[in-house]
Amino acid sequence: MKILGVETSCDDTSVALYEDEGGVAENLVSSQVDLHDVFGGVVPELASRAHLVNLLPLVDTLLRRRELRLADLDGVAVTAGPGLIGALLVGLSTAKAVAMAADLPLVGIHHIEGHILANHLSAPMVLPAVVLVVSGGHTEIIHMPEIGRYERLGSTLDDAAGEAFDKTAKLLGLPYPGGPHIDRLARQGRPGRFDFPRPLLNDPRIIFSFSGLKT
């Protein structure tokens, strides 16, 4: 079985070929870092337009590299949300068109479920599990009794962890994307020099807050 995967939830245009024997055969990414660098963050409208330009050529490149035609595929999977609405629409519309043209089944994938199940690509998941999702736009703890069943136990009240990294980097004038620069500089710091706030220590809920730390 060969599945074409399409991901356009934010600023990277990504396509992949998944095979039931061997997993991800190839993954191609078109980065928009240079496009958004001047603004210090992702501009949704620009991201959507860049996806329009990049997505179909990326699909064509993937198929040529694997010496495949659309007729050789068994299905198309595409990120259906959450994400930037304009960016998602580009991926969904393109995936629908490809699936219709080749008479292939189309499956919409939940963005967060994709983050979770990506772990299964490197090692079998042991279930039931408690999963920590930490990305640019999401910080959540999820109970996963089995694949397809998810219960959110807690999440952030404000910024996601990755968002706090990037916004702090922008405030400090560091290059975009700033998260990796914050991480690199932190490794050179002196532990205990600053007493950063640790919010919600006495709150019984499973929640996070990063806005105070960022400030």
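The values are calculated or read from the model by the stated rules, or taken from the named source; none is laboratory data. For clarity, every value in this text was computed on a predicted model and none was experimentally measured. Here the Cβ positions follow ideal geometry from the backbone for every residue, glycine too, while neighbour counts run over all protein chains shown. Heavy atoms of the whole protein, side chains included, go into the accessibility calculation; ligands, DNA and RNA do not. Shrake-Rupley method; radii C 1.70, N 1.55, O 1.52, S 1.80 Å.
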Subject >> Extreme residue, nearest to the chain's Cα centre (by Cα), among residues of region 80-103 that are β-branched (Val, Ile, Thr) and farther than 13 Å from residue 13 by Cα >> reply: 85
Original post:
Does at least one position in region 17-24 carry a residue that is at positive phi, part of a strand (DSSP E or B) and either open to solvent by less than 30 Å² (accessible area, probe 1.4 Å) or at pLDDT below 95 (or both)?
Top reply: yes
Original post:
If you go through region 188-209 one residue at a time, do you hit one that is closer than 22 Å to residue 8 by Cβ and out of contact with any Leu (no Cβ under 6 Å at 6 or more places or on another chain)?
Top reply: no
**OP:** Could you figure out which of (1) more than 13 Å from the chain's Cα centre (by Cα); (2) open to solvent by less than 30 Å² (accessible area, probe 1.4 Å) isn't true of residue 8?
**Re:** (1)
**OP:** From the list 58, 52, 46, pick out the single residue that is of a type outside the set (Gly, Ala, Ser) and either over 23 Å from residue 102 (Cα atoms) or in contact with a Cys (Cβ under 8 Å, 6 or more places away or on another chain) (or both).
**Re:** 46
**OP:** Kindly provide the set of residues from region 25-55 that are part of a helix (DSSP H, G or I) and either more than 19 Å from residue 87 (Cα to Cα) or hydrophobic (A, V, I, L, M, F, W, C) (or both), ordered by number.
**Re:** 33, 35, 46, 47, 50, 52, 53, 55
Subject >> Filter result for residue 63 (part of a strand (DSSP E or B), touching a Leu at 6+ places or on another chain (Cβ under 9 Å) and at pLDDT 95 or above) >> reply: no
Original post:
Can you tell me which of 29, 38, 33 is more than 19 Å from the chain's Cα centre (by Cα), closer than 30 Å to residue 167 by Cα and surrounded by fewer than 14 Cβ atoms within 10 Å (Cβ to Cβ)?
Top reply: 38
Original post:
Of the residues in region 47-75, how many are open to solvent by 50 Å² or more (accessible area, probe 1.4 Å) and closer than 21 Å to residue 36 by Cβ?
Top reply: 4
**OP:** Count, please, the residues in region 49-101 that happen to be in contact with a His (Cβ under 6 Å, 6 or more places away or on another chain) and not small (Gly, Ala, Ser).
**Re:** 3
Original post:
Identify, please: which residue in region 112-149 is under 24 Å from residue 24 (Cα atoms), part of a strand (DSSP E or B) and not hydrophobic (A, V, I, L, M, F, W, C) and is, among those, least open to solvent (accessible area, probe 1.4 Å)?
Top reply: 146
**OP:** Could you please find all residues in region 76-111 being farther than 22 Å from residue 138 by Cβ, open to solvent by 50 Å² or more (accessible area, probe 1.4 Å) and not polar (S, T, N, Q)?
**Re:** 96, 97, 100, 101, 103, 105, 106
Original post:
Do we find that residue 160 is touching a strand residue (DSSP E or B) at 6+ places or on another chain (Cβ under 7 Å) and within 21 Å of residue 80 (Cα to Cα) in this structure?
Top reply: yes
Original post:
Pairs under 7 Å by beta carbon, first residue open to solvent by 100 Å² or more (accessible area, probe 1.4 Å) in region 181-205, partner not in a loop (DSSP other than H, G, I, E, B), six or more apart or different chains?
Top reply: 196/213; 205/154
Subject >> Residue in region 158-177 that is among the basic types (Lys, Arg), assigned to a strand (DSSP E or B) and open to solvent by 40 Å² or more (accessible area, probe 1.4 Å) present >> reply: no
